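Worksheet: one structure, shown below.
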Amino acid sequence: QVQLVESGGGLVQPGGSLRLSCAASGSIFSINAMGWHRQAPGKQRELVAIITGGGITNYADSVKGRFTISRDNAKNTVYLLMNSLKPEDTAVYYCNADLQLTPRPQHYAYWGQGTQVTVSS
């Protein structure tokens, strides 16, 4: 069974840092793009950052210069380092991945269960 499991959320003061991790497990042939999204109460889910299989990254304007996405392909894991956190970063953070489960060129989108990040003094 393929799954994505996030960890690293929690409560942090404004200006603080957190690092989120998301590990993919199961019968996976290859992993293409991986990313992080977030959803704040009463708002739509939004893309935070994405990293391709080749390491190209893209960020939402609201987090550029503060957040860094990276991946460890040997561990099937994507990370999100969040610095200079603001109260408006408070949300449930979800990782997602574009997976190939067999050598066939078929791609499947998987999502993690979400991890809460709360920025408050």
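The values are calculated or read from the model by the stated rules, or taken from the named source; none is laboratory data. Note that the structure is predicted; figures quoted are calculated from it, not measured. We work out accessible area using only protein heavy atoms, side chains counted, and drop any ligands, DNA or RNA first. Shrake-Rupley method; radii C 1.70, N 1.55, O 1.52, S 1.80 Å.
With a 1.4 Å probe and every protein chain kept in, tell me what percent of the accessible surface of the chain is carbon plus sulfur. Could you put the intermediate results ahead of the total?
Values: 3180 of 6470 Å².
So the carbon and sulfur contribution to the accessible surface is 49 percent.
Could you give the accessible area per residue of the chain, probe 1.4 Å, as a whole number in Å²?
Details: 6470 Å² over 121 residues.
Ligands and nucleic acids excluded, the result is 53 Å² per residue.
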| Percent of Cα pairs exceeding the 17 Å cut-off, where the set is the chain | 53
| task | Scan around residue 114 for amide H atoms under 5 Å from its own, H built in the peptide plane at 1.01 Å from N, and keep only partners 5 or more places away or cross-chain. | result | 6, 95
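Using Cα pairs closer than 8 Å and at least 6 residues apart in sequence, work out the relative contact order for region 13-93, in percent. If you can, show how the numbers build up before the last one.
Details: 134 pairs, mean separation 33.1, N = 81.
Reported as a whole number, the value is 41 percent.
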| said: Based on alpha-carbon centroids, what's the gap between region 91-108 and region 58-72 in Å, whole number please? | reply: 19
